[in-house]
């Protein structure tokens, strides 16, 4: 099978001007991925499926990933001219707010040519209002339920999905529980063995100090 | 019936060995009830497989008169909550429980049914079915062995046999003051509404201090 | 029924079961939205009836719900409803360490805990760059193939339950399963939730006595299988109820990501044991059974034939099992902090491709922990297979897909 | 012939029915409360705590290091270490609770325990009618003797005993060496005008007293005789370092 760069070149040759970026995977698995722009994502997916040298006809896994915004502190060494005319290296810390986004990841294999995986990714603009992505269900039917699951748990809206409803949670549910900032409902009334985060939550149900409760926890 | 029996258990056993069977209406009524506990054919998760194993030839729940797994709640006496009850499933479980006719019993089989078990920190997992329906026997284990289920069933039979037909500890179906219909929770925007049945679920408070 | 090695080209012949849905000619093809079987101007055309089957399901597949729209007794639309066993496996996996997720994986597909363990161990090994020892790889094959036999054996029992045999074949299946469970219990300590595999190997080394017992059981298994087949396979009622029921075309199967026996029943020879050759599978001589109608009967036969192939693999594995450590002494399990990166590891589970997609950010917990559940994705085509059949057939088709709700909903 | 398949199937059923009267292979029923399956040695249900000697609480091997508490996947273990009258931690659990209604018997606590103190039990008949009080196992309920451990898992228990004895021997040797080194250092210190700070080996062999009471040589030097405190400290010297797990 071609390397990820070769696949990118194939795509760019077919779709000039398409946004295709190679995302390196630094881990030992070295399963690198292609980040696709929204505009041509579905056409590129169709190309990957039908191109005879690739024939990625099997979309094995589709999933979401939540990347909340985070503060990145970068330390750079800057030469600062000193008053006496010499230059001195000074460490400068710049804080940069990396904007958050939601990501959909697809693992593609070829059943015809028996190779893979090729990983493609799509990213939303942010985590609040620009959360739509083109659906790849029309290309691979296997995404049908998986994209519904991503919609349910992460809140990515897939445009062009034939039946985008909640799948695992009930329809009235409002939250997206797999997001990193999800706060679960408080049902910690009975936690006999709490520690760390659970202890903090269970404390909300303890009686006010000074009541008759046993302080050391022995029953 | 509540006063002390005129004849002790040992004497009665001795008579039974000699071919004389002494019994009371209460005893024979409870004996009949306890040996024909028909469970509802209702599996939720992993524990359901062990429940099936308990009905199969090796463990053979039929030896306890409980092999008739009824698909309809109307014909069943025992609800074995065998597995994780999720919040999405909880209203259905309560509804099934309400559909069962009295006298009815509930066994919470496995850690998940008792308290949410290993999955209790999950957002969609109900932390114990006893938040909504009364449970007679709790069988811990993940999953409990089929023998543990049989052991729980034996305990349930003991419990049925020790019930009195009159008085304050009479079973639910012989009393007028107890409502046997339990409210079914509804799906809310973040959780079930209500998240528990406050008349039923009253955990003791166990204060744990900060860890040093 | 063919029984072909995978080296042959995958059969792509056959017409789609539901010919109105043609994925090849509709590049943006969407799932078929129920077609009425009868003519609309039929004077006796009544209203469509919507029936909710489940989640308390009298058949034995857990808390699964199908909303079927019926025209008479014929299904014209069927929407599966999930989530009744959504236990937040993935969220819990992100909140616990890599090792602590191992016992949870047992509870995904609770009829085949060992293969879930294996897939997870494989994914973490990929993520952290660890390699299992050779003996461990053989032991994994042994326990994994035994698990496949147990799973298929039970599935056949459950499938016949759905056909209305009311428990009798299941008694045979569970009698046999108990023998395997005894072995698993002796090796790992529990009947169902093994927590056996580790990153870089397995937790305990099987003793020679255990191996001898397992070998004796496997050697005697074909005899049971013959009896089982004599009991079931020729049964005319079964043939009438399964042949031609729930056909699936290979094109749709591939496009919908169907894996495992359901895929191979359609004639596509795709088995990850052969394709990826993970572990020590390339060293074994075995064939991959392939069906050619893609109906319920083929899916049933796939299970029977795969059990026979598993017996072959097991006999070779017992013969070739090398000595050596069961786990890499340098293997890191507790407090594992893989380098930042991601990995997708997959194996051929009894139900299809079970994969784990892990993203590490360098801490002790995975940043993203995703399970690729085979039975969940195999349900994608449930509607396509059921259209035009009666309600009773829908139950059988569902049974032949082999779903376990712990894995469907996670 | 139509129906021959069904007849064949019925023949199998008949064979099994007749076989069940004489062939134990075809009648696998175990009549549970009266007869029981012999559980394999590896069988595990819930954890328990091993104690040595006669007294269940004093003999506990557990030193309340909380390693199992941190590693337990469903967080069903709760430990509070014992403190002496001065408020210093003593290496004993004051509270050791396991919520059996949560425990999934995964055995990870056993794997991470460096003191061989928590082991898996084989009792599975723990059904209760009250899950709040009935299913929390306290320290007293969990403590079971080493003899019991030998009964349920003879092979494993024998291995553990050998290993503990070996570790104890090594620790004693190390302690002796440390004591000798300390004596030498003390002699040196007495000879030198300035007192030298306490030597490293002493604090390494006696980590229990170290955090609260810094360096009293007479206390810190372990006595060669196997007193209860040194036997508790012995496995720690050989044990792996506690992990830095901060959730």
Q. Fewest to most neighbouring Cβ within 10 Å: what's the order for D:141, C:66?
A. D:141, C:66
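Kindly work out what percent of the DSSP beta bridges joining two residues of the protein assembly as shown are antiparallel, to the nearest 5. The partial results should precede the final answer.
Details: 78 of 99 bridges.
Antiparallel: roughly 80 percent of the beta bridges in the protein assembly as shown.
What does the extension gain come out to for residue B:12 and residue B:36, with contour length at 0.36 nm per residue minus their alpha carbon separation?
Values: separation 24, 0.36 × 24 = 8.64 nm, distance 2.39 nm.
Value of the extension gain: 6.3 nm.
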Q | Separation of alpha-carbon centers, the stretch D:49-121 and the stretch C:259-305, rounded to whole Å | A | 48
Q. Using a basic spin-label model with each label point 7 Å from the Cα along Cα→Cβ, how many nm lie between residue D:29 and residue C:285?
A. 4.6
**Q.** Spatial separation of Cα centroids for the stretch A:131-206 and the stretch C:55-118, in angstrom
**A.** 16
Q) What shape does the stretch C:310-384 have by the C-alpha gyration tensor, where a ≥ b ≥ c are the square roots of the eigenvalues, rounded means a/c under 1.5, and otherwise prolate means a/b greater than b/c and oblate the rest? A) oblate
Q. By how many degrees, 0 to 90 and rounded to 10, does the Cα axis of helix C:113-128 deviate from the longest principal axis of chain C?
A. 60
Q: If a/c stays under 1.5 just call it rounded; otherwise compare a/b with b/c (prolate if a/b is bigger, oblate if not). Do that for the protein assembly as shown, with a ≥ b ≥ c from the square roots of the Cα gyration tensor eigenvalues.
A: oblate
Q) Mind checking which of B:37, B:193, B:184 has the largest fluctuation in a GNM of chain B, springs on alpha carbons under 10 Å? A) B:193
Q | Pairwise FRET efficiency - residue D:111 versus residue A:2, Cβ, R0 = 60 Å, nearest 0.05 | A | 0.85
Q: Taking the Cβ of each residue in B:31, A:190, C:118, A:67 as the centre, tally the other Cβ atoms inside 10 Å and list the residues starting with the fewest.
A: B:31, A:67, A:190, C:118
Q.
Could you identify which residue out of A:187, A:196, A:152 has the top mean-square fluctuation in a GNM of chain A using Cα springs shorter than 10 Å?
A. A:196
Q. Does anyone have the angle between helix C:391-401 and the longest principal axis of chain C? Alpha-carbon axes, 0 to 90°, nearest 10?
A. 20
Q: Quickly estimate the mean residue ellipticity at 222 nm for chain B, helices only: each DSSP H run with n ≥ 4 gives -39500 (n - 2.57), and the total goes over all residues, rounded to 500.
A: -8500 deg cm²/dmol
**Q.** Of C:343, C:253, C:132, the one that fluctuates the most in a GNM where chain C has Cα springs shorter than 10 Å
**A.** C:343
Q | Helix axis angle, C:168-188 relative to chain C longest principal axis, alpha carbon, degrees | A | 20
Q) Per-residue ellipticity at 222 nm for chain C, helices alone: DSSP H runs ≥ 4 residues times -39500 (n - 2.57), over residue total, nearest 500 deg cm²/dmol? A) -13000 deg cm²/dmol
Q | Ascending count of other beta-carbon atoms within 10 Å, so fewest first, for D:176, D:91, D:188 | A | D:188, D:176, D:91
Q: Please label the shape of chain A as rounded, prolate or oblate, based on the square roots a ≥ b ≥ c of the eigenvalues of the alpha-carbon gyration tensor (a/c under 1.5 means rounded; beyond that, a/b larger than b/c means prolate, else oblate).
A: oblate
Q: State, to one decimal in nm, how far the label point of residue B:182 lies from the label point of residue D:8, with both points 7 Å from Cα in the Cβ direction.
A: 5.0
Q) Where both residues lie in the stretch B:38-163, what percent of DSSP beta bridges are antiparallel, nearest 5? A) 10
Q. When the helix-only estimate is applied to chain A (DSSP H runs of n ≥ 4, each -39,500 (n - 2.57), divided by the residue count), what is the mean residue ellipticity at 222 nm, nearest 500 deg cm²/dmol?
A. -5500 deg cm²/dmol
Q. Which distance in nm do the two modelled labels at residue B:98 and residue B:199 give, with both placed 7 Å along the Cα-to-Cβ direction?
A. 1.2
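Computed from the coordinates by the stated procedures, all read-outs in this text should not be read as laboratory data. These numbers were taken from a predicted model, which means no experiment stands behind them. We place every Cβ from the backbone using ideal geometry, glycine too, and count neighbours over all the protein chains shown.
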